[in-house]
Amino acid sequence: MKSEKAGTTISDNKTEVTNISSHGIWLFHDSKEYFLSYKQFPWFKKATIKEVTNVEYSSKNHFYWPDLDVDLHLESIENPEKYPLVSKEN
């Protein structure tokens, strides 16, 4: 019996916060980087580095920050003007 070569992982999508600045955060996902400004995504402004960098790719095109209870769809990151805020910053 010959063993087959091991397959690839189910998801090769790498998701991580690559930079945090005084203007916003940069999210890297699937070979692309996205800028999330604090003006459009205020939940990250007062968060700790640990809270911001703890991001999960929870399902297709959804990102979840469990420490902040923030759930964002990729479409809202790419086109934030189409999704006005419905929540206020604490």
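The values are calculated or read from the model by the stated rules, or taken from the named source; none is laboratory data. Since the structure is predicted, the reported quantities are computational estimates derived from the model, not experimental observations. Heads up, the Cβs are rebuilt from the backbone with ideal geometry, glycines too, and the neighbour counts pull from every protein chain shown.
State which residue is surrounded by the fewest Cβ atoms within 10 Å (Cβ to Cβ) when the search covers only region 32-65 and only residues that are over 17 Å from E78 (Cα atoms) and touching a Pro at 6+ places or on another chain (Cβ under 7 Å).
My answer is E56.
Taking only pairs six or more apart or across chains, which ones have beta-carbon atoms under 6 Å, a first residue in region 53-64 that is within 13 Å of D30 (Cα to Cα), and a second residue that is assigned to a strand (DSSP E or B) and charged (D, E, K, R)?
none
Here are some conditions: (1) under 18 Å from D71 (Cβ atoms); (2) assigned to a loop (DSSP other than H, G, I, E, B); (3) at pLDDT 95 or above. Q40 meets all but one. Which one does it not meet?
(3)
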